[in-house]
Amino acid sequence: MTWDGLSFVVATVAKRRAKSQISGTAGGRSKSRSYAPASMSAAEDLLDEPDVSPTTTTTTTTTTTAAATAALRPTPPADHYSMDTLSDEVFFDSKGTGSPETGSGTASYDTSKDVGGSRYHPSVQEWQRPAVPVSDSVDASGRSSSHIGRSRIWSRILDSCFDNSDRRQYGRGVAGRLFRRTFRESVRKEKNITESDGKEKSVREQLDEMNEYRPYFTWWVTTVQVFILLLSIMCYGLAPPGFTLKQQSGQVLMASLSIQTVDYWEPSNFWIGPRAADLIHLGAKFAPCMRKDEKIYRHVEEQRRAERETGCCIRNDDSGCVQSSRRECSTRLSVWKKWSELAKGPDGRLSGSVCGQDPNYCKEPASVPPHEWPDDITRWPICRKRIAAVKKIHAAEHMACEVIGHPCCIGIHGECRITTREYCNFVRGYFHEEATLCSQVSCLNNVCGMIPFHNPDVPDQFYRLWTSLFIHAGVLHLVITVLLQYFLMRDMEKLAGPVRIGVIYIVSGIAGNLASAIFVPYRAEVGPSGSQFGLLACVFVEFINSWQMILNPWRVLAKLVGWTLAFFLVGLLPWVDNYAHIFGFIFGFLLSYALLPFVSFGPYDRRRKVLLIWVCLVAVAVMLTALIILFYVTPIYECKICEYLNCIPLTRDFCAEQNINFNKKLDII
């Protein structure tokens, strides 16, 4: 009896000492909050088994201690760690192509020692699925359990968390699987000196050391693009679908106080999305909103010169008045009030009169020295507070009448008309009831929207080069973008990471939009066309960097070029910009060569690639500077040939002007 008790004490002390050696603490329990690896859990499971029979002998105690000591030995990985599941001629043709750090082709571990355990081992850089599924045991309650992690984490959960056997392989992304690339086995065994200490690394070791990233940037930018399109459709509605100009007709109240039939034509949007003016208001690429356009500025100056010769047309029946030219004012129904040398206005003024506005009837801003209003109605400010006008027969008639028309900004080129609110709403214009003259409003500021210009006469919304990347012309346009980014961009981001792909995506898109604004300045363009071709350039760069590993590289190159030309044909459709495609591809190629990870095939190859990286970065900076100078310093306003590269008129109105066109019928007041 005494001997049995002593045997039980010895066995208990041996168990605690073994636990202390495992956990590194005196108590035998690990202070870490993480779970023990599988190789240790087996020993702990053995030690944790209850010993209810105190009748063990010395022989039993010795056997138990030896078993615990044997359990402490790390369990080697099974045969399913083998990385060399490849044929002799090609590699990367199946999953599980990683390799141990030793670079050996096969593993020499005994599978019988790790049956039913975890597939993780620190000597292997990736977790792999076993050849034979491992079934978990079933406990007393009927639930499956596992011996991994002290029976607190099931093996299948750990396997799914650590499994990266299907990770993104260099040179074998979406494009590689699409074109069925095969790789040469002999190249991956070549040695080259890649480090300063002279350490040799094979191509296979370089491939195994590459990290795989999560596509955070792809999910973020795609979510923003979808949200913006949904918001724009809810706020602005849809344009008429189709490929031609759509005629809109309606009866509205005109400035002559008569109801007339008005016709106008607006471009369709076959992408099923908002109108051109609405997309510009949201932030589309539109050169007149980004710089001072000489053609539009000359048109505005012509409008102001014509406005200097206008006067107040007052109806004889006292039904109202409107600012107009002499030709537009009926001599039978109205009286045209205009100051001149023979009939000067107050203080000897010759410019005027203006319906509803006069320097002598305005409190704020008041026309007092030294801030007198000039004798030029196109330079008059908006009167914010008026003096109540007293109706008289021969004095200040233009102040006593009811003003019928106010400025209305129509179209995308800053056209202004003095008309009624009903007409302005019908043609989807911006009505300015607070103003009396077109010279008092900035129609281009209304068309562009977003942040108002610092100077109303000088557009400065250069940030449209970036905002247009997140706007789409319609639902079909967005579907194409989402598909490309889900399959192509997500795949490339796994290889390069969110920071590198973000730089390539944004810079390529900005450069493409800048080139588009130079060659086709009067067409609004939206979408990440340049960015998508920058991503396509990443595929080319990855292919070039892995040229020596690919079997039949010229055939693969021909397939890539064919798909690229097919994408360029899509750029001939409206709202899709081929100039953004071309320059986005150029910038994306240079940035991809500089930023994407690469594999070296020798010391000379590495030095050559480092030199080319610096050349590419300098080329990007020089080209971007040249485009900025060409856009702001020496702009191109007319280039008819350039338009055919961007859109081919398959029908008469397929590439029609995006502005609203009106009938030229003269409205007699």
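The values are calculated or read from the model by the stated rules, or taken from the named source; none is laboratory data. Just so it is clear, the structure is predicted and the values come from calculations on it, not from any experiment. Please note: Cβ atoms are built from the backbone with ideal geometry, for glycine as well, and neighbour counts cover all protein chains shown.
General remarks:
- The lone exception for Phe533 - which of (1) of a type in the set (Phe, Trp, Tyr); (2) within 26 Å of Gly562 (Cβ to Cβ); (3) not assigned by TED's automatic domain parsing to the domain that holds Ile586 it fails: (3)
- Total residues in segment 406-428, condition without any contact (Cβ under 8 Å) to a residue 24 or more places away in the chain and either in contact with a helix residue (DSSP H, G or I) (Cβ under 8 Å, 6 or more places away or on another chain) or outside the structural domain of Arg304 (by TED's automatic domain parsing) (or both): 1
- Hits in segment 515-524 - residues which are in contact with a strand residue (DSSP E or B) (Cβ under 9 Å, 6 or more places away or on another chain) and at pLDDT 90 or above: Ser516, Ala517
- Test: residue in segment 335-343 that is closer than 23 Å to Asp375 by Cα and in contact with a Cys (Cβ under 6 Å, 6 or more places away or on another chain): yes
- Meets criteria (outside the structural domain of Ser324 (by TED's automatic domain parsing), within 30 Å of Val322 (Cβ to Cβ), at pLDDT below 95 and of a type in the set (Ser, Thr, Tyr)) for Ser268: no
- Residue that is within 30 Å of Leu630 (Cβ to Cβ), under 49 Å from the mean Cα position of the chain (by Cα) and not hydroxyl-bearing (Ser, Thr, Tyr), where the choices are Glu307, Glu294: Glu294
- Breaking point among (1) within 32 Å of the chain's Cα centre (by Cα); (2) surrounded by fewer than 19 Cβ atoms within 10 Å (Cβ to Cβ), for Ala287: (2)
- Each residue in segment 248-296 was checked for being in a strand (DSSP E or B) and either among the hydroxyl-bearing types (Ser, Thr, Tyr) or touching an Asp or Glu at 6+ places or on another chain (Cβ under 6 Å) (or both), and 6 of them qualify.
- Of everything listed in (1) under 19 Å from the mean Cα position of the chain (by Cα); (2) of a type in the set (A, V, I, L, M, F, W, C); (3) under 20 Å from Leu488 (Cβ atoms); (4) surrounded by 21 or more Cβ atoms within 10 Å (Cβ to Cβ), the single unmet condition for Ala594 is (1).
- Subset of segment 429-458 [under 24 Å from the mean Cα position of the chain (by Cα) and surrounded by 20 or more Cβ atoms within 10 Å (Cβ to Cβ)]: Val447, Cys448
Conditions tested, residue by residue: (1) of a type in the set (Ser, Thr, Tyr); (2) crowded, with 17+ Cβ neighbours inside 10 Å; (3) under 20 Å from Leu478 (Cβ atoms); (4) in the same structural domain as Ala517 (by TED's automatic domain parsing).
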position: Val224; (1), (2), (3), (4): no, no, yes, yes
position: Phe227; (1), (2), (3), (4): no, no, yes, yes
position: Ile233; (1), (2), (3), (4): no, no, yes, yes
position: Gln251; (1), (2), (3), (4): no, no, no, no
position: Ala255; (1), (2), (3), (4): no, yes, no, no
position: Ser258; (1), (2), (3), (4): yes, no, no, no
position: Val262; (1), (2), (3), (4): no, yes, no, no
position: Arg275; (1), (2), (3), (4): no, yes, yes, no
position: Leu279; (1), (2), (3), (4): no, yes, yes, no
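- Among the helices (runs of 4 or more DSSP H) confined to segment 526-634, the ones with at least 1 residues that are closer than 30 Å to Asn211 by Cα, at pLDDT 90 or above and polar (S, T, N, Q) are located at 529-545, 578-595.
- Applying the criterion of being buried (at least 24 other Cβ atoms within 10 Å of the Cβ) and in contact with a strand residue (DSSP E or B) (Cβ under 8 Å, 6 or more places away or on another chain) to the residues of segment 525-545, the residue that is farthest from Ile228 (Cα to Cα) is Glu525.
- Meeting the requirement of 1 or more residues that are touching a Leu at 6+ places or on another chain (Cβ under 8 Å), the helices (runs of 4 or more DSSP H) wholly within segment 429-503 are 464-467, 475-484, 490-496.
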